[in-house]
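Have a look at the structure below before the remarks.
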Amino acid sequence: MKAAFLTENLQKHLSFLNHAVSGNSQLEILSTFLVIAEKGRLTIKATDLEIGASSSIPANIEEEGRVCVIAKTFFDLINNMSEEKISIETQGQSLVLKGKKIKMSFQTMPYEEFPNLYEDKGEELLVFKKETVINDFNKVVFASSLDSGRPALSGVLIKKEKGKFLMVATDGYRLSLKNNILLKTKSDDSSESLLLSARVIKELSSIKQAEDISLFVSSKSNQAIFIQAETTLVGRLIEAEFPEYEKIIPTDFGTKAEFDKNEMQKAIKLCSVFARETANIIKLAIKKDKVVVSANAPSTGENTVEVDAKMAGEENEIAFNARYLLDLFANIEEESMSFEMSGPLSPGVFKIVGDNSFLHLIMPIRVQD
């Protein structure tokens, strides 16, 4: 192998690729980057067997070849280089990297041991705009469970039906749903549902390019393959039954309040200081022209913060885990939100004012008066 390329081009991709490197696998090959020089491009691949990632950049290839190098060393050195152009060349069992003023040598491993990211990419199912991935996917994925022992809840359901598109995630205590975020679909009216690892969805937003992202599904390998220009992200489909989420979404409400998200977020943060000692419990009291946010810690103190609001329906009260509220507001860019509820023991639903395509449901906490 012998190739030369611009350092900046590779640096743009390394952080994304490094996310797919295994940190604690017993298989040493999973701690490496597969470096491929062929057909005028330098391609770097990484996988931990749960996800896989690949990116390629233009390069001047004098001699084609491929080799594996320890990812952490390669990542740290390349990311800290200021050389504009560097060359790499295999010499025996080493990969030698050269710049105008530097020379480095990496020990290599046989590339034959590196796993294939996928056998075939299957058929194209959907195409997303990059801004959709960043803005809309983030509104959903945070609600998934971190417990890998509950595979259905650790994923994000992607559902296509008759040209419409929906994403939903839940950990059993909260649920986020976003629909109508489709850029393009196949022309047929078939219905399809995919359950993807939340980790794969999160990694999509770390892809740096601005181009559209295509989703391919390989039934042969049970994989989802996201492709954007010269970057690929691969993840396995989760084989589990997603909960019947439609049944828990309220269809009516007795109380509704509209408020400024930033003001509510500040109020929750202030009250969460006292809520730490009482299982993060925050109370919301919906009044005629305000929402009163409060927390009470018997050994420390209590506080209340008033947030201006427009109310419709009856005055009401409800209690939530403060962390769930803060997670929601941290993933919403819009400033005006609404809250709907029917009673203190029924789910509360948060929406974005003027956007009927999104809702976030949180289960309440029963509080003893």
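Computed values, structure above
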| item | result |
| --- | --- |
| Listed residues ALA59, ILE102, ILE362: farthest to the positive end of the dipole of the chain (Cβ charges) | ILE102 |
| Accessible area (Å², per residue) of the range 62-207, counting only protein heavy atoms and a probe of 1.4 Å | 50 Å² |
| Nearest-10 value in Å² for the accessible area of PHE75, using the 1.4 Å probe | 40 Å² |
| Linear extension gain, GLU258 paired with GLU8, 0.36 nm per residue minus alpha-carbon span | 85.3 nm |
| Cβ crowding within 10 Å averaged over residues, with 78-85, 211-218 ranked highest first | 211-218, 78-85 |
| For peptides 16-22, 343-349, 297-303, sequence by mean Cβ density within 10 Å, most packed first | 16-22, 343-349, 297-303 |
| Global form of the chain, assessed from the alpha-carbon gyration tensor, a/c cut-off 1.5 | prolate |
| Apportionment of accessible area to carbon and sulfur, the chain, percent (1.4 Å) | 45 percent |
| Spin-label zone in the range 28-62 - amide nitrogen under 15 Å from a point set 7 Å from the Cα of GLU230 along the C-beta vector | 35-45, 54-62 |
| Accessible area, probe 1.4 Å, largest first, for residues LEU166, LEU328 | LEU166, LEU328 |
| Rounded FRET efficiency, nearest 0.05, which uses the C-beta distance separating GLU83 from GLU50 and R0 of 41 Å | 0.75 |
| Relative contact order [Cα under 8 Å, 6+ residues apart], the chain, whole percent | 13 percent |
| Largest to smallest accessible area among ASP120, ASP48, ASP252 [probe 1.4 Å] | ASP252, ASP120, ASP48 |
| Part-to-part distance (alpha-carbon centres) for the range 102-131 and the range 272-344, which is given in Å | 45 Å |
| Gyration tensor (alpha-carbon) shape descriptor, the range 208-359, a/c threshold 1.5 | prolate |
| Cross-link pairs LYS208/LYS269; LYS160/LYS351; LYS164/LYS256; LYS103/LYS202; LYS12/LYS220; LYS208/LYS290 - those with Cα-Cα distance over 30 Å | LYS208/LYS269; LYS103/LYS202; LYS12/LYS220; LYS208/LYS290 |
| Peptide ranges 193-201, 305-313 listed from the most packed, as the mean C-beta count within 10 angstrom indicates | 193-201, 305-313 |
| Nearest-20 debye value, the chain charge dipole, Cβ charges on Lys, Arg, Asp, Glu | 600 debye |
| Span-rule helices in the chain, defined as complete DSSP H runs reaching 20 Å or more along the axis (Cα) with Kyte mean at least -0.5 | 261-275 |
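The values are calculated or read from the model by the stated rules, or taken from the named source; none is laboratory data. All values derive from a computational prediction rather than experimental measurement. Quick reminder, even Gly has a Cβ in these numbers, built from the backbone with ideal geometry, and neighbours come from all protein chains shown. These accessible areas exclude ligands, DNA and RNA; they are computed on the full protein's heavy atoms, side chains included. Shrake-Rupley method; radii C 1.70, N 1.55, O 1.52, S 1.80 Å.
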